[in-house]
Amino acid sequence: MKGNIEERACQLALYIIENRATVRAAAQKFGISKSTVHKDLSERLPAFNRPLYEQVKSVLEENKAERHIRGGIATRKKYKGQ
C-alpha cells in the first residue's frame, strides 16, 4: 500500500468512517502498521483534507472511549474459552 501518501490517508479515513473500524483493523486491512495509520490520520490528513479529518477524528475518539469495554469483552472470551 505504498505510493501516494495523501491517497493512502484518504483511503484509510474513508475505510474507518464507513466501517466504524479501529486503527488496528484498518492497519490489518491495508497491510501497514498501526503507527503508520495513526500518523497518516492524525498528522498528514489534516494538512490537505480538513473536513475528512474531522469526520475520522470523531470515529477515533469514539473508539478510544470504548476501548476499555472491548478489552473486558476480549478478556472474558479468553478465559471462558469461547
In whole percent, what relative contact order does the chain give with Cα contacts below 8 Å and a gap of six or more residues? 30
Computed [θ] at 222 nm, helices only, for the chain once each DSSP H run of length n ≥ 4 contributes -39500 (n - 2.57): -24500 deg cm²/dmol
Looking only at lysines whose Cα falls under 29 Å of Lys39's and that sit 8 or more positions away or on another chain, we get Lys2, Lys29, Lys57, Lys64
For Kirkwood radius over Cα pairs in Å the list reads (1) 12.2; (2) 13.4; (3) 12.8; the calculated value is entry (2)
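What is the extension gain from Thr75 to Glu18, computed as 0.36 nm multiplied by their sequence separation minus the C-alpha to C-alpha distance, in nm to one decimal?
Numbers: separation 57, 0.36 × 57 = 20.52 nm, distance 2.72 nm.
Between Thr75 and Glu18, full extension yields 17.8 nm more.
Readers should treat all values here as calculations from the given coordinates under stated rules, not as data from a laboratory. The model shown is predicted, which means the values in this text are computed figures rather than measured ones.
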